[in-house]
1. Express the accessible area of the chain per residue in Å², computed with a 1.4 Å probe while the remaining protein chains stay in the model.
2. How charged is the neighbourhood of Phe67? Take every other residue with its Cβ under 15 Å from the Cβ of Phe67, and add Lys/Arg as +1 and Asp/Glu as -1.
3. Using a 1.4 angstrom probe with every protein chain in place, what is the largest-first accessible-area order of Phe103, Phe40, Phe29?
4. Could you check the simple spin-label distance between Thr57 and Asn43, using points 7 Å along Cα→Cβ, in nm with one decimal?
5. Enter the accessible area of Ile31 (Å², nearest 10), with the probe set to 1.4 Å and all protein chains included.
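The values are calculated or read from the model by the stated rules, or taken from the named source; none is laboratory data. A quick note: this is a predicted structure, and the numbers were derived from the prediction, not measured. Note: ideal-geometry Cβ built from the backbone for every residue, glycine included; neighbour counts use all protein chains shown. Ligands, DNA and RNA are stripped out before the accessible areas are found, and what is left, the full protein with its side chains, is counted by its heavy atoms. Shrake-Rupley method; radii C 1.70, N 1.55, O 1.52, S 1.80 Å.
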Amino acid sequence: QVQLVESGGGLVQAGGSLRLSCAASGSWFSINAMGWYRQFSGNQREWVATITSGSSTTYRDSVKGRFTISRDDAKNTVYLQMNSLKPEETGVYSCNIQATRPFTMAEADYWGQGTQVTVSS
């Protein structure tokens, strides 16, 4: 099993910055893509950014140029640096990893519990 623990959420003023972290622990054959999602109140979860095992990154259009996803494989951690935050980006941010399980070599998705990001106007 894999456990993900997120940190770094909080309250920030519009235009401010936050850095989210998500550390993975447990057992796996490999960690593949890592990503961040967010959920606004009453809405569905939406994808924010992904980083592959080769460190290629993709972002949803609305965060390009403001958010940066990165990973530290030595620490099994993925980060999301968020700059120029907007009030409408208030929500719960969750990390996701795609990992290959040991022994079975099956692919699996794992989710963190989410961290609250509140952007005040």
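1. Ligands and nucleic acids excluded, the result is 52 Å² per residue.
2. For residues surrounding Phe67, the net value is +3.
3. From most exposed to least exposed: Phe103, Phe29, Phe40.
4. Once both label points are built, they end up 2.2 nm from each other.
5. Estimated to the nearest 10 Å², Ile31 gives 20 Å².
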